[in-house]
Each structure stands twice: as C-alpha cells, then as structure tokens.
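Every number in this text was worked out from the coordinates using simple rules, so none of it is lab data. Everything numeric in this text was worked out from a predicted model, so none of it was measured. When we count neighbours, we look across all protein chains shown, and the Cβ atoms used for this are built from the backbone with ideal geometry, even at glycine.
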Ligand SMILES: [Zn+2]
C-alpha cells in the first residue's frame, strides 16, 4: 500500500502456534522505502521475504536495489527474513545496540523470551552492520531523512522512526493496542514511551506494526490514550492478583486475563513475563 511517494506499507499475515492445537492469527506491517535505492524496515517472519520481493517487483524495481534493512527491534516477526534478504541482496542491516544480542543470537532470544512457535517464525540469526543508540538522523537517500527516537518498553531497544520530508511516524511495536496480547519487556518504560509518543506532533501520518495508516489527529491520540488506559487496567489487575500465592506458574496470569475479559489464549509465559514487570 502506497502511503507517500516514497513510503509503502506491506501487511504480512502469519500465525503463532500457541500449542499443537491452538494457533493465534497475527499480522505485522513492514515498510518498503523507494528512493534511489530501496530500504526495507522490518522483514516479517521467515518466509515473508517472498512477499517483500513480489511487492518490489510489482513496483517495477529490483530486489538487488535493497541497500538497507532496518530492524525496529529483535522480535521474530520483525527479523524473520533478515538473514535471507541480507544474503540475497548484500544489504546493510541496521539495528539498535540494545537489541544486538537477540538479533545476532536467536537461540539466546528464545531462551530469555520463549515465544510460542518461535522457530517457525525465525530460524536464522543475522549480524548487524551498523548499530543505533537513538537520536540519530540518517539520510537513507536523497530527500529521505529519518530520525531515530528511542521508545523502549515493548523491548529494551525498541525505537520509532520519524520520516522528516514525508511527515510520517512509524512506531513499530512501541505502541500497544488496547485488548491485544500484552508482550512488553518493561511496563514503566512502555508508559514513558507512550507519553513521549503523545508529545510528538510534527507528522501527518502514523504507521505502526499493528494498525492501518492513521492521519486523523483525534484517532491517533485516541489510539495512544486507549493504550494507556489498557496498561493502567492491567496494572491494577496485576497488582491485585500477583500479590497472592499461586499454585501453578500461570495461575495469576490467568486471573488477570480473566478479570479483564481477555481471550484465555493469552495465558502463556510470555504474557506472565510482561505482567511481572509491573511489580
Ligand atoms: Zn515486538
């Protein structure tokens, strides 16, 4: 989907196998930036490179023109095709210093953050060529300048990207959706990042991993406020239930999910891990 002359959004559907019987349909948005060269932002899951290549070719460009791949953070649905794209095109892969360990060692990532069906989403680590720490202004191509804005919480090195000339803000996974599965790394940081995102006004279109493009300022601020309210509700429930004893590892997680009327499929160790950061 064409967002501006340069920026295109590609929605990638996939599913997460929670148990052998249960799977959770998900999607993630990648960006394809057409300048003199091509930049891909987030690579989807492990077979998503096919969709990305098809999209580029349908726009009468060649995959060999991909010079840069930026990874907004280390999670499997963002880095799944990164190694393949790097091998096929020789592009430079750029990511945040604080995400480096998990991007370059997916086994370490899985050990520390056991996403169900992890290896069906990503099966290869990739080396980063350039590291970001936040605050950088990068010229991707003539007339395409981006600012890197640290928005941690979803993961410790999550960042958002402001496209200056195109007046587009891409928040990747930094902006949680109300009633969606809670998968953040740090509740306090996430709340601070939401306040920061609320204060950014110098853009026209908001893009994220999980929403259609938004240009109405009221809809954008509602999205952020709904996320804040959702986190506040989770915080109250977590503090109520996690201060009680539990018989089994996911008992208290289950009570929080149940109290908020969220789908039982959310009762997994990944969500329990997010809830424990409230305490
Ligand atoms: Zn993520």
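Helix-only mean residue ellipticity at 222 nm, the chain, DSSP H runs n ≥ 4 weighted -39,500 (n - 2.57), per residue, nearest 500. What is it?
For the chain, the value works out to -9500 deg cm²/dmol.
Sorted on the mean count of surrounding Cβ atoms within 10 Å across their residues, most packed first, peptides 229-237, 194-202, 25-33, 147-155 read 147-155, 25-33, 229-237, 194-202. Computed on the chain, with alpha-carbon pairs under 8 angstrom and 6+ residues apart, the relative contact order is 13 percent.
Relative to the current alpha-carbon distance between residue 178 and residue 105, full extension at 0.36 nm per residue lengthens the span by 23.2 nm.
Tell me, what does the Kirkwood hydrodynamic radius of the stretch 7-215 come to in angstroms if you use every pair of distinct C-alpha atoms? The answer is 17.1 Å. Net length available on complete extension from residue 233 to residue 23 is 73.0 nm, with 0.36 nm assigned per residue and the Cα-Cα distance removed.
For the stretch 132-279, the gyration tensor built on C-alpha atoms gives a prolate shape. Its axis ratio a/c (a ≥ b ≥ c) is at least 1.5, and a/b is the larger of a/b and b/c. Once both labels are positioned 7 Å from their Cα atoms along Cα-to-Cβ, the gap between residue 11 and residue 243 label points is 4.2 nm. Expressed to the nearest 5 percent, the antiparallel share of DSSP beta bridges inside the chain is 70 percent. Extension gain, residue 97 to residue 258: 0.36 nm times the residue separation minus the Cα-Cα distance gives 54.3 nm. Using the alpha-carbon positions of the stretch 208-279, Rg (one decimal) and Dmax (whole number) come out as 14.6, 47 Å.
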